[in-house]
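Novice: Dropping a structure here in structure tokens format, bear with me for questions.
The values are calculated or read from the model by the stated rules, or taken from the named source; none is laboratory data. Computed from a predicted model, the values in this text were never measured in an experiment. Cβ: placed from backbone, ideal geometry, glycine included. Neighbour counts: every protein chain shown. What goes into the accessible areas is simple: the full protein's heavy atoms, side chains included, and nothing from ligands, DNA or RNA. Shrake-Rupley method; radii C 1.70, N 1.55, O 1.52, S 1.80 Å.
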Amino acid sequence: MEKLQHLKEEALQAIESCETLSQLQEKRVLYLGKKGPIQDVMKMMKDLPPEQRPSFGASVNEIKSAIAALIEEKKARLEEIEMNQRLEKEKIDITLEGYQPTIGNVHPLTLVQQELEDLFIGLGYTVAEGPEVELDFYNFERANIPQGHPARDMQDTFYINKEVLLRTHTTAIQTRQLEKHAPNPIKVICPGKVYRRDDDDATHSHQFTQMEGLVVAKDIKLSDLKGTLEFMANKMFGEGRKIRFRPSYFQFTEPSVEVDVSCHICNGKGCPVCKGTGWIEVLGAGMVHPNVLEMAGYDSTQMSGFAFGVGVERVAMLKYGIDDIRHFYTNDVRFLKMFKRFD
Ligand code: PHE
């Protein structure tokens, strides 16, 4: 009995001094498992006189349940401590200053393109795209520029083979759109990259961006084109802009016009940007040539249309005062960072 008492004290103390749940588990195995000091004492029972066995057994059970009770209690305490330690360790200090994430910029050409798209979408246009690797057929034939026609020289072309080329203008998107929608009315803008065999310098690039507009319906007139372009000029370059048409030549429009916008820097008085003329040449336009309509499947006696093509780089350069087209393509982050869209 004395040994039992001693064992009990030793066990309770050992349990009490456990600092972790895994230490506690070791003690549980030791004192309540199949092999251990208590089991050893139990083996002594057979050597006792029979009348002492019941009270000895009862004592052993009492000790076992005291140990089990203390283990449970200790377990609860250790679990709480460990939980508190974890909460402490995983605590997020919400008073810390946050990181300023680096946010990329929208490229200035994308900005201007989106701005143009938005204003035309507001007028009821839809946006149409087409392939950059294009058939000669849609780029030239359908634009009323047949094989061998001198107008092809105006647009020095990258050919892939005799029939396939890199489109030289977004008019290629137009001719596809006309074919797709004929004989029904159409109102689209066609933005995209175009390619020409130009030597790169401050104002020329072998790859640049155009956006073309096309409206075909009954009774479309040159005055509709003028009103539309005046609206665009005011939105892009500020209120009060005037536009003027000068006669020009494009194979796919008749009549064709070169469109000037009154200078947004000097308001028409004359300055270096407009080279003293008060006007800036911004785009080409005209009434869709009857041949172009007929080839696509329209009856040109019933339907008419206008088309215009604007250089997105040119608009961006005028709008932001950029003096070299190559800035758009050399990806100098200091340049790109200057353009932000505030919505
Ligand atoms: N496609 C012409 C060019 O690239 C621009 C243009 C478009 C002119 C539509 C008239 C009508 O120069």
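Novice: Which one of Ala285, Ala307, Leu229 has its Cα pushed farthest toward the positive end of the charge dipole of region 108-339, where Lys and Arg give +1 and Asp and Glu give -1 at the Cβ?
Specialist: Looking along the dipole axis, the top candidate is Leu229.
Novice: Quick one: of Lys187/Lys275; Lys3/Lys74; Lys8/Lys75, which pairs are farther than 30 Å apart, Cα to Cα?
Specialist: Lys187/Lys275
Novice: Once phi is turned into ³J(HN,Hα) by the Karplus curve 6.51 cos²θ - 1.76 cosθ + 1.60 with θ = phi - 60°, what whole-Hz value does each residue of region 23-31 show in order, with x for glycine and proline?
Specialist: 4, 5, 4, 4, 5, 4, 5, 5, 8
Novice: Keeping the other protein chains in place, figure out the carbon and sulfur percent of the accessible area of region 108-339, with a 1.4 Å probe.
Specialist: Solvent-exposed carbon and sulfur of region 108-339 make up 52 percent of the total.
Novice: Based on DSSP, what percent of beta bridges with both residues in region 108-339 are antiparallel, to the nearest 5?
Specialist: The antiparallel fraction comes to roughly 95 percent.
Novice: Where Rh is the Kirkwood radius over the Cα pairs of region 140-222, the temperature 37 °C and the viscosity 0.692 mPa s, what D in µm²/s does Stokes-Einstein return?
Specialist: Answer, rounded: 230 µm²/s.
Novice: Rank by packing, highest mean first: peptides 241-247, 75-81, with packing defined as the count of other Cβ atoms within 10 Å averaged across residues.
Specialist: Order by mean packing, descending: 241-247, 75-81.
Novice: Okay, next question. Charges at C-beta only: +1 for Lys and Arg, -1 for Asp and Glu. How large is the resulting dipole of region 188-311 about its Cα centre, in Debye rounded to 20?
Specialist: Charge dipole, region 188-311, about its Cα centre: 400 debye, nearest 20.
Novice: Quick one: putting +1 on the C-beta of Lys and Arg, -1 on the C-beta of Asp and Glu, what dipole do you get for the chain around its Cα centre, in Debye to the nearest 20?
Specialist: Computed charge dipole of the chain: roughly 280 debye.
Novice: Please work out the average accessible area per residue across region 108-339, using the 1.4 Å probe convention, and give it in Å². Before the final figure, lay out each step's value.
Specialist: On the way: 10980 Å² over 232 residues.
Accessible area per residue, region 108-339: 47 Å².
Novice: Could you tell me which Cys residues in the chain have no other cysteine's Cβ under 4.7 Å from their own Cβ, answering none if every one has a partner?
Specialist: Cys18, Cys190
Novice: In whole Hz and in residue order, list the ³J(HN,Hα) couplings for region 65-73 that follow from phi through the Karplus curve 6.51 cos²θ - 1.76 cosθ + 1.60, θ = phi - 60°; x for Gly and Pro.
Specialist: 6, 5, 4, 4, 5, 5, 4, 4, 5
Novice: What ranking do 309-316, 187-194 get when scored by the average of other Cβ atoms within 10 Å per residue, highest first?
Specialist: 309-316, 187-194
Novice: Of all accessible surface on region 2-89 at a 1.4 Å probe, what whole percent is carbon and sulfur?
Specialist: Numbers: 3380 of 6170 Å².
It is 55 percent, rounded to a whole number.
Novice: Taking +1 at the Cβ of each Lys and Arg and -1 at the Cβ of each Asp and Glu, which of Leu123, Ser22, Ile71 sits farthest along the dipole of region 1-148 towards its positive end, judged by Cα position relative to the Cα centre?
Specialist: My answer, from the dipole projection, is Ile71.
Novice: Could you rank the peptides 9-15, 285-291 by their average count of other C-beta atoms within 10 Å per residue, with the highest value first?
Specialist: Descending packing order for the listed peptides: 285-291, 9-15.
Novice: Roughly how many Å² is the accessible area per residue of region 1-80, as a whole number, for a 1.4 Å probe?
Specialist: 66
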